[in-house]
Amino acid sequence: MTDKFRPSMDLQKILKKLLFPILFLITAVCLVLSADESRTPLTLKGDALIREAGTIDGTCVRIAEDSGFSGVFLRTKNFMLEKGSYRIGVEYHTDSETNTVSLYDNGKTTDIAVLSPQTTYEEYPFTLTKDSQDAVLRIHYNGTGNLSVDSVTLIPESRFYNDAYFYALLVLMVGIAVIVLSQTSFIQNLSIQTKAIGFALLCIALVAFVPYMNGYLNWGDDICYHLIRIEGIKDGLADGQLPVVIYPEGMQGNGYLNCMYPNLFLYLPAVLRLAGVSMAGSYKCLIFVFHLLTVVITYFSVKSICNSRKSALLAALLYTLCPYRLTNFYARGALGEALAMTFFPLLFAGLYHVLLGNAKKYWMLVLGLSGLIQTHVLSALLGTVFCILLGIICIRRVYTEKRILPVCKAVALTLFLNLWFMVPFLYFYTKEALYTEALDWCSFSEYSLNLSGLLGTINTNGYRTLTLGLPIVFCAAIALFYFVLERKTAHVPTDETASEVSGSLSLFTGFLLILGAVSTFMVLNLFPGWEFLRIGLYEKLLKNLQFAWRMLGPASVTLILAGCILLYKSRLLTPYRQSIFIALTAVCLLSAVRYQEEDFAYASYDSTYSRGHLSKLNGIPKGEATIVYPYEWCLKDFPVTEPDTTCTFTVPDAVSDVAYSRTGTTSTLTYHNTLAGNTVTFPVMAYSGYTAEDENGNPLPFVKNKDKMLEVELSDSTGSPHQIIVKYKGMAGFTIALIVSFATAVIWIAAPKLKHFHYQ
């Protein structure tokens with residue numbers, strides 16, 4: 001009888017054991033859902049609106065005839081809204097029947113409604129047929145009578161975003177995964193030390209994410225540009241592009257080139273945006289993923305070099321929380337450079353193994369260099385230079401130890417895996433006349449730093465700390481201590497293999513120390529950058545770097561790796577390792593968690609919205625002189641400040657019954673034409689890859705006009721109805737490159753399994 005009921009008793013034990021985790025998970029999901037703000041109307045008092053005229057009276061804005069003003073006198077900031085139905089609620093007083101409220105979206109004014117003098121509050125419905133990146137609510141004053149506006153409210157018919165549901169699903173999935181995995185024999189058999197290290201790595205990633213542990217999105221210097229990239233990829237995916245080459249809504253619907261900036265990892269937040277997650281939530285998700293990737297990659301990269309857990313853990317901590325990395329994320333908003341820093345440890349580990357260590361780990365170099373290519377072009381160029389330098393130093397060992405094949409494998413795989421990005425990039429960079437002069441607005445030597453600033457640790461000014469920081473300088477000191485005072489007197493291993501490994505590590509860490517020192521020197525005002533700018537080769541390199549402080553990234557990673565590896569290799573420092581570990585950890589943590597005034601979530605207790613709710617709706621301004629479209633990837637001579645948004649004809653009077661629509665990158669024009677030779681210019685920037693067809697699918701010839709817009713001749717002058725369809729189809733070379741990269745990845749991943757299957 002006992003045996004009969006044993007399975008059910010075991011089940012009861014399991015359920016009893018899992019009861020608390022399940023209840024905790026359900027509670028967490030309910031708490032996340034209870035914090036949903038997505039249905040809450042967004043109310044802005046009059047004094048919180050952007051005012052072009054009028055006077056403020058408390059929270060109300062007033063304007064009268066004696067102001068002499070006529071036009072848009074009040075407007076909201078830009079909102080990012082999903083397609084759907086909304087209402088604009090306006091609380092006001094007016095004695096005129098000509099004042100209006102309107103919606104401005106991507107260069108066009110829509111949904112104009114009159115503010116009636118018979119009421120003091122009115123709600124006006126409007127519908128967005130597609131997602132909006134820069135919706136602005138405007139109040140127009142016609143110049144007569146009196147008008148006062150107390151508040152403007154934006155009301156969704158359903159909800160603004162799906163953040164609460166996304167977070168609840170994320171908590172649920174992570175919770176279930178933890179509960180299930182914790183019951184597996186693999187997790188249960190892990191040592192306490194391994195579990196502790198895993199927990200420590202997670203904690204480091206969370207500490208790095210502290211500035212975003214709030215309800216709103218901190219603003220950075222360049223963050224607007226990268227948000228528009230995410231939104232552009234989302235629009236491109238909805239348009240059916242894969243990979244996305246053209247942002248459909250860019251330049252007020254004329255399209256903007258995407259493939260000049262690496263964007264592989266931006267597809268994650270773009271897909272979340274397609275699912276209705278706010279831009280703030282999508283962006284923060286990307287940042288946390290890369291904090292976690294950075295700490296894990298750094299740990300395993302260092303451990304693969306020196307086989308020391310403590311060395312690897314210290315390197316992961318110092319690098320993930322290094323000042324320049326956090327500055328890139330939270331102050332500069334330099335997303336590409338910040339993401340690229342994730343892959344530098346993997347690059348150096350792969351470089352070590354290919355040239356000096358275990359050559360079978362050449363895949364680390366492939367992934368490291370590919371990661372740089374897919375995040376930041378300048379970082380990839382720097383990484384390539386570092387590979388060449390160490391390759392030259394180790395060229396004799398490469399030949400004598402027969403490492404040429406692993407080197408060739410790494411180069412070939414890196415090339416083929418990244419063809420899908422490199423081919424479009426090189427094509428447009430070399431074949432299209434792009435407005436790259438927009439990049440030439442600063443010089444390398446204009447932004448150098450003082451030597452006294454390299455020890456800086458704590459800065460409360462918006463997370464902006466352009467310095468190495470005390471922990472990294474101390475790592476440099478450890479490496480210098482080893483090579484100056486210990487290396488010559490170090491015990492020589494009797495084992496030949498151990499001696500070889502020791503020599504390889506010394507050569508590698510010496511290279512890292514020298515590279516870190518040179519990189520640091522280039523950051524300082526002691527470096528005569530203006531002299532090097534006179535030399536052609538150096539002028540091109542330094543001018544493209546733009547800022548001297550960019551070298552803080554390579555300096556940080558090289559000095560951290562060298563210091564952490566040599567700390568656990570040094571005999572003289574053995575008695576002090578634990579104290580040094582604790583001291584560096586403490587200083588690093590103190591400098592990483594910094595205070596900001598913006599950490600207050602609410603402007604005041606009587607606010608009708610939290611900062612978090614408002615920031616999740618902050619749109620992306622796309623007007624003149626914004627960093628969103630700095631125009632470097634526009635075609636030369638395109639009217640960037642005033643692009644056309646409708647079709648224009650050479651002889652407009654010869655055309656009738658004109659209907660124009662645009663969905664994604666597809667523009668459709670229906671017309672009747674009575675003049676031979678008449679042409680139409682589409683509001684489309686004529687990048688390579690566009691096609692023009694008639695209503696029967698027959699190709700139509702087109703040219704780039706003087707403004708680099710797509711111009712098509714109207715073939716029929718009989719007055720019959722016709723249609724022209726312009727769409728982006730890409731180029732055959734881009735498709736071939738994508739297929740080659742995909743096939744390379746599949747074959748590379750499957751090759752070991754196929755080999756194993758063959759032997760079996």
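The values are calculated or read from the model by the stated rules, or taken from the named source; none is laboratory data. Source: prediction; values computed, not measured. Ideal geometry is used to build each Cβ from the backbone, glycine not excepted, and the neighbour counts take in all protein chains shown.
If we scan the stretch 310-328, do we find a residue that is at pLDDT 95 or above, aliphatic (A, V, I, L, M) and within 30 Å of V245 (Cα to Cα)? No, the stretch 310-328 has no match at all. From the list D95, D36, the lone residue that is charged (D, E, K, R) and either in contact with a helix residue (DSSP H, G or I) (Cβ under 6 Å, 6 or more places away or on another chain) or surrounded by 15 or more Cβ atoms within 10 Å (Cβ to Cβ) (or both) is D36. The C-beta contact set for the stretch 296-311 (first residue in contact (Cβ under 8 Å) with a residue 24 or more places away in the chain and under 16 Å from K569 (Cβ atoms), second residue among the polar types (S, T, N, Q) and assigned to a helix (DSSP H, G or I), distance under 7 angstrom, 6+ apart or interchain) comprises V302/S311. Does at least one position in the stretch 605-617 carry a residue that is outside the structural domain of S661 (by TED's automatic domain parsing), at pLDDT 80 or above and not in a helix (DSSP H, G or I)? Yes.
Once the stretch 544-580 is narrowed to residues that are in contact with a Lys or Arg (Cβ under 8 Å, 6 or more places away or on another chain) and modelled with pLDDT under 90, the residue that is nearest to S519 (Cα to Cα) is Y568. At pLDDT 85 or above, β-branched (V, I, T) and either in contact with a strand residue (DSSP E or B) (Cβ under 9 Å, 6 or more places away or on another chain) or in the same structural domain as A331 (by TED's automatic domain parsing) (or both): is that true of V174 in this structure? Spelling it out, it is not the case that V174 is at pLDDT 85 or above, β-branched (V, I, T) and either in contact with a strand residue (DSSP E or B) (Cβ under 9 Å, 6 or more places away or on another chain) or in the same structural domain as A331 (by TED's automatic domain parsing) (or both). Scanning the stretch 244-257 for residues that are in a loop (DSSP other than H, G, I, E, B) and either surrounded by fewer than 19 Cβ atoms within 10 Å (Cβ to Cβ) or free of Cβ contacts under 8 Å to residues at least 40 places away in the same chain (or both) yields a total of 1. Selection of strands (runs of 3 or more DSSP E) fully inside the stretch 672-756 by the criterion of at least 2 residues being in contact (Cβ under 8 Å) with a residue 40 or more places away in the chain and more than 25 Å from Y631 (Cα to Cα) returns 721-728.
Screening T342, T375 for residues that are part of a helix (DSSP H, G or I) and hydroxyl-bearing (S, T, Y) leaves exactly one candidate, T342.
Scan the stretch 367-383 for residues that are among the hydroxyl-bearing types (S, T, Y) and within 15 Å of G553 (Cα to Cα) and the total you get is 2. Here T691 meets each of (1) loosely packed, with under 15 Cβ neighbours inside 10 Å; (2) under 20 Å from L237 (Cα atoms); (3) within 28 Å of the chain's Cα centre (by Cα) with one exception, condition (3).
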